[in-house]
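Single-structure report; data block below.
Throughout, read-outs are computed from the coordinates displayed, never taken from laboratory work. Every value quoted in this text rests on a predicted model; they were computed, and no experiment measured them. Here the Cβ positions follow ideal geometry from the backbone for every residue, glycine too, while neighbour counts run over all protein chains shown.
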Amino acid sequence: MRIQDIIEGKKEWRAHVARVKALPQDYQIVYKEIQKYLFKVGPVELTDGMGLLSGIIDLFEEGAALGKGILEVTGRDVAAFCDDLIKDSKTYADIYEKSVDQEVNEAMKKVTNKIK
C-alpha cells in the first residue's frame, strides 16, 4: 500500500464522518449503532472501501431531507434492517464457518481411513 493510498483513505474517512455529523441527532445515533453492528457481524466488503456505509448515509440523508424520523427509514428493528442490507454479502463468519467445516471434513476422512 502506498502512502498516497493511505492519505486518500483518511481523506475519504474524514469526509464520511463529516456527512454523519451533518445528519440529525437521531440519525447519528442509529448510524453509529449500525456501524458497530456491521463491524461485529463483519461483512467482507466493509474492508473494500466505504460503499456500504456511504450507501447508508445516502439513504439517511434522503430520509432526513424528507423530514422522516430515523425509524421511518430503518423500521423499528434496526438489526433486521442491517441484516437485510448484508443478506447477500459474504461475512467473516461465513469464511470461518467454511474453514471449520473443511477442518472437520478432513479430520473425519483421516479417522475413516484409519478404521478401514
- Message: Can you list residues from other chains, or at least 5 along the same chain, whose modelled amide H is less than 5 Å from the amide H of THR91?
- Response: VAL44
- Note on the structure: Within the under-14-Å Cβ sphere about GLU33, not counting GLU33, Lys/Arg +1 and Asp/Glu -1 give a net charge of +1
- the chain, Cα convex hull volume normalised per residue, Å³: 122
- Note on the structure: Env charge @ ALA22, Cβ radius under 15 Å, K,R +1 / D,E -1, value 0
